[in-house]
1. For segment 53-63, state whether one or more residues are within 26 Å of Gly37 (Cα to Cα), among the hydrophobic types (A, V, I, L, M, F, W, C) and at pLDDT 95 or above.
2. Could you check Leu168 against (1) modelled with pLDDT of 95 or more; (2) surrounded by fewer than 17 Cβ atoms within 10 Å (Cβ to Cβ) and say which number it fails?
3. Name the single residue, out of those in segment 25-48 being assigned to a loop (DSSP other than H, G, I, E, B) and of a type outside the set (Val, Ile, Thr), that is surrounded by the most Cβ atoms within 10 Å (Cβ to Cβ).
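The values are calculated or read from the model by the stated rules, or taken from the named source; none is laboratory data. Keep in mind that this is a model prediction, so the values were computed, not measured. Methodologically, a virtual Cβ is constructed for each residue, glycine included, from the backbone with ideal geometry; neighbour enumeration extends over all protein chains shown.
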Amino acid sequence: MFGSRERLEARTPVDGIGRLQHLQNLVTEFQQTQDDGCREQVLANLANFAYDPLNYEHIRQLNVMDLFLDTLSEPSEKLVEFGIGGLCNLALDKENKAHILANDGVSLVKDCLSSPNEETVLSAITTLMYLMTPASKEEITAPSIVECMQRFTGSSSKRTSNLANVFLQDYCTPDQRLKAQSLLSPTSSVVGIPLPPEPQQEPR
């Protein structure tokens, strides 16, 4: 992350365009283009800008969070990956968190847990942890999500299994974990969340 306004301004595009205008141009391009590859590239850029807290005010002004939320329902796995990645970058901020929660964010993020894309699943788990508040905890630790995390602990992907274990240990009660474990069997399915297939092994 950048430590000062000066360092942020130093990263402004070389043609001198302002940061707000640059983000506005990206949003406009995403909304107007019909090219799937272009939309993916623009959304990836927006998700990267969402990593820097100095951009949060502009992102809120341009309704970029709503754009990210909308893309979670897109058929393109790449758009979903970049949309949930953008939300993950924003969700620790108190104001951003409140907006995401107020706009059905938990339900939309939960649906990403069934993605076949491991990066999407990892961002979804992390985002759910970032969205945890006393008011949202009941929804985020609903039985279907806890059971899903319990299943993920047995994933062949260490990143997925480790992150699921963090979720279970840090945010779920022993009773919740025990109940979820008791409900799982080799042939069971998690209610409300169709689990993704195991990651494909890269050919050697």
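1. Yes.
2. All conditions are met except number (2).
3. Here is the first cut: in segment 25-48, the ones assigned to a loop (DSSP other than H, G, I, E, B) are 33-35.
Filter once more, so that each one left must be of a type outside the set (Val, Ile, Thr): 34-35.
On the way: Gln34: 6, Asp35: 10.
Only one residue tops the list, namely Asp35.
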